[in-house]
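For reference, the structure discussed in these notes is given below.
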Amino acid sequence: MQPIQMAGPWITEHEERIVLDALRNGWYGPQAYHYVETFQREFARYHDRAHALMTPNCTTAIHLLLAGLGVGAGDEVIVPDCTWIATAAPITYVQATPVFCDIDPHNWCLDPAAVEARLTERTKAIIAVDLFGNMADWDALRAIADRRGLILIEDAAEALGSTYRGVRAGKFGVGSVFSFHRTKTLTTGEGGMLLLDDEALFERCKFLRDHGRAEGRMYYNIEVTFKYMPFNLQAALGYAQFQRLNELVERKRWILDRYRTNLADIPDLHFNAEPDHVFNAVWGPTLVFGSSHGMTKDRAIAELAELGLPARPFFYPLSSLPAYAGYNEQGRQFAPVAYDVSSRGITLPAALIITEAEIDAVCDGLRRVLRS
Ligand SMILES: *Cc1c(COP(=O)(O)O)cnc(C)c1O
């Protein structure tokens, strides 16, 4: 039997055709950026945003946005304690200070009440994350940001295709970012996108993306900036995948549904939240064992591994990691829900090529682990 894959793409002849076209024709004149321009334009339109800038990955998209906004030394930026480190690392790149906040026990995203408790006069921005495809409480977060004059940013890397009150993930805050990493719903291998509405901010980020060049004057740089340019082949793959987005999202939703249905008879298991006002595109089907099971993520993952079944830990609270040594005490004090939920959560295999039989094998494994 082939090993069951945690995450990975679904590539068809459609992608092959478009990438081959870029490989054959995408090198000279306007063809050199044809797929970059097309993908950016279509991706922005789909999300009802005025502008899109493709980047080498999502981490660089966040860095570009923070730099474009002028976030820097002395500023505090609020982030949820449970997310991939890519959300927070760019805060350090611009010499600002990350402030880790607690998550909501139901949607696992940034808890607005916890944000209130951590605001100071140095708070400059809030980055909220749509974790695993779940949507953050955007109404409440926007109210806080508006009241305090804070910058609100959306990390939608895991939520392509999700909606909140009918509005797509990618339309919240001054800017939203996406990842097209190999493991994400839509992939270019490595890749990212920054979505914006504000014209001046777009021009600034575009300038910062390519060595601070002057308009219309060759090799003439106004500032020392970054080189975060996308590549046409990468964009061709992204554009081809984007044309199949509904299919990819439906597949992700089917995977979660299959786990949920198979395990429906076991009480006190908690999966990705989908309240009435949310359409969840389920990048990562995630299972949090209710406290009644007395199950930890470490034990579940180890016992599943013994059965030859993969699973990944719920994101660790960032404040608990060696990378953020010095934040541990703060995290335990201010983010108790993050520590608790994270200790009981695992992400289930969800490669887009996973089969029903493989999902059922994982469910059988989970039953054995819960009985042991
Ligand atoms: C994957 C991911 C990122 C980073 O994406 P890269 O393209 O690898 O830089 C950022 N935030 C979240 C929430 C992610 O899941």
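Using a Förster radius of 45 Å, what is the FRET efficiency between Arg165 and Thr97 based on their Cβ-Cβ separation? Nearest 0.05, please. Don't jump to the answer; show the numbers that get you there.
Numbers: r = 32 Å, r/R0 = 0.71.
Step by step, r from the Cβ atoms, then E = 0.90.
Share of pairwise Cα-Cα distances greater than 27 Å in the chain is 48 percent (whole percent).
I want to check the label-to-label distance for Glu215 and Thr12. Put each point 7 Å from Cα in the C-beta direction and report it in nm to one decimal. Each label point lies 7 Å from its Cα, and together they span 4.1 nm. With helices as the sole contributors, the chain gives -11500 deg cm²/dmol at 222 nm; each DSSP H run of n ≥ 4 counts as -39500 (n - 2.57), and the sum is divided by every residue. Using Cα springs under 10 Å in a Gaussian network model of the chain, which residue among Leu304, Leu66, Leu23 shows the largest mean-square fluctuation? Largest GNM mean-square fluctuation: Leu23.
Candidates Thr59, Leu69, Pro30 compared by Cα position along the dipole of the chain: farthest toward the positive end lies Pro30, with charges placed on Cβ. Fully extending the segment from Arg182 to Ala323, taken as 0.36 nm per residue of separation minus the present Cα-Cα distance, adds 48.4 nm.
Label positions at Asp257 and Asp139, each projected 7 Å from the Cα along the C-beta direction, are separated by 2.7 nm. Springs between Cα atoms under 10 Å define the GNM used for the chain, and in it the highest mean-square fluctuation of Val341, Val177, Val278 occurs at Val278.
A simple spin-label model places the labels of His270 and His106 1.1 nm from each other, with each point 7 Å out along Cα-to-Cβ.
Only alpha carbons enter this Debye calculation for region 6-77, each as an equal point scatterer, and the log10 of I(q)/I(0) it gives at q = 0.17, 0.19, 0.25 Å⁻¹ is -0.90, -1.01, -1.19. With 0.36 nm allotted per residue and the present C-alpha distance subtracted, the Ile353-Arg371 stretch has 3.6 nm of extension available. Of all the options Ile78, Ile11, Ile127, the one that moves most in a Gaussian network model of the chain with Cα springs shorter than 10 angstrom is Ile11. A dipole drawn for region 127-267 from +1 and -1 charges on Cβ atoms has a positive end, and of Tyr220, Asn246, Phe207 the residue lying farthest that way is Asn246. Starting from the Cα gyration tensor of region 263-372, take the square roots of the eigenvalues, sort them a ≥ b ≥ c, and report rounded, prolate or oblate (rounded when a/c is under 1.5, otherwise prolate if a/b is larger than b/c, else oblate). Here region 263-372 falls in the prolate category. Taken about its Cα centre, the chain carries a charge dipole of roughly 520 debye when the Cβ of each Lys and Arg holds +1 and the Cβ of each Asp and Glu holds -1. Simple rule: put +1 on each Lys or Arg Cβ and -1 on each Asp or Glu Cβ in region 85-194, find the dipole, and look at Thr183, Ala114, Leu194; the Cα lying farthest toward the positive end is Leu194. Extension gain for the segment Ile222 to His277, taken as residue separation times 0.36 nm less the Cα-Cα distance, is 15.2 nm to one decimal.
Expressed to the nearest 5 percent, the antiparallel share of DSSP beta bridges inside region 98-195 is 45 percent. Evaluated with a Cβ-only charge set (Lys, Arg +1; Asp, Glu -1), region 121-256 carries a dipole of roughly 220 debye about its Cα centre, given to the nearest 20.
A short reminder: the numbers here are calculations on the coordinates, not readings from a lab. Bear in mind the structure is a predicted one, so any value in this text is a computation, not a measurement. Don't worry about glycine lacking a Cβ; one is built from the backbone with ideal geometry, like all the others, and counts go over all protein chains shown.
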